[in-house]
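Worksheet: one structure, shown below.
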Amino acid sequence: MTRRAAYHHGDLAAAALDAAQGLVAEDPSASFSLRTLAERLGVAHRALYNHFEDREALMATLAARGFDQLAAELAPTPDPAGFMAAYVRFALAQPGLYAVMTARHHDQINAHAPLRAAVDKVIAVALDALATPCADDDTRRREVMRVWMLAHGAIGLQRAGMLRMRSDAAFAQEVLHIAGLVPPQEKS
């Protein structure tokens, strides 16, 4: 396929995101260049600039896609245990995408409207699943942040091989225990 024919194959932006997601699945460091991505797609690397201002814009869009996927997986989990299990499964199953998502700085999130909207979806689901319903906004935010920070740190330790958990479900349950989200009668 010639480069010109490849460029007109359809939705290059979506194809670029699919290929970028594939690249981060292969190498969670996400150290690929736009040139590498273009080669994978069979297009001139300049063609990508018609859809993404630069590599950071591509990565922000990929992160938005990841947060949208995470929100969809978390949405049917209105309780802390279901939320944590779904979150852990997502992060451990897609380490490269999760790394791209969590590598965005606050300013980068706010500068990219689709990313901000996708992050807000995850936050809304987290508030529903993890926060005390009648508490004030600041308390609810802190309740979610406590669990999110704990889960993110635990996921990093688990991925690094520093923890010894038998399964993702056992790992998620342990995070719930540590976070104090499992009622006393459920603790072993």
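The values are calculated or read from the model by the stated rules, or taken from the named source; none is laboratory data. Computed from a predicted model, the values in this text were never measured in an experiment. Positions of Cβ are backbone-derived with ideal geometry, glycine not excepted, and every protein chain shown enters the neighbour counts.
Just one of the listed residues (Ala44, Ala111, Ala86) is free of Cβ contacts under 8 Å to residues at least 60 places away in the same chain and not assigned by TED's automatic domain parsing to the domain that holds Met165, namely Ala44.
Within the stretch 69-121, restricting attention to residues that are assigned to a loop (DSSP other than H, G, I, E, B) and among the polar types (S, T, N, Q), the residue that is farthest from Met59 (Cα to Cα) is Thr77.
Restricting the stretch 23-35 to residues that are touching a helix residue (DSSP H, G or I) at 6+ places or on another chain (Cβ under 8 Å) and loosely packed, with under 15 Cβ neighbours inside 10 Å, which is modelled with the lowest pLDDT? This residue is Ser29.
The residue pairs whose first member lies in the stretch 56-79 and is outside the structural domain of Ala20 (by TED's automatic domain parsing) and under 12 Å from Leu115 (Cβ atoms), whose second member is in a helix (DSSP H, G or I) and among the small types (Gly, Ala, Ser), and whose beta carbons are closer than 6 Å, counting only pairs six or more residues apart or on different chains, are Leu62/Ala20; Ala64/Ala118; Phe67/Ala118; Asp68/Ala118.
Scan the stretch 18-51 for residues that are among the small types (Gly, Ala, Ser) and assigned to a loop (DSSP other than H, G, I, E, B) and report the count. Give the steps one after another, and end with the answer.
First, pick out the residues of the stretch 18-51 that are among the small types (Gly, Ala, Ser): 19-20, 22, 25, 29-31, 33, 38, 42, 44, 47.
Adding the requirement that they be assigned to a loop (DSSP other than H, G, I, E, B) leaves 29-31, 33, 42, 44.
So the count comes out to 6.
Of all the listed residues (Ala124, Ala169), the sole one being within 18 Å of Glu73 (Cβ to Cβ), in a helix (DSSP H, G or I) and at pLDDT below 85 is Ala169. When the stretch 36-56 is filtered for residues that are in contact with a His (Cβ under 9 Å, 6 or more places away or on another chain), closer than 21 Å to Ala103 by Cα and crowded, with 18+ Cβ neighbours inside 10 Å, only Leu37 remains.
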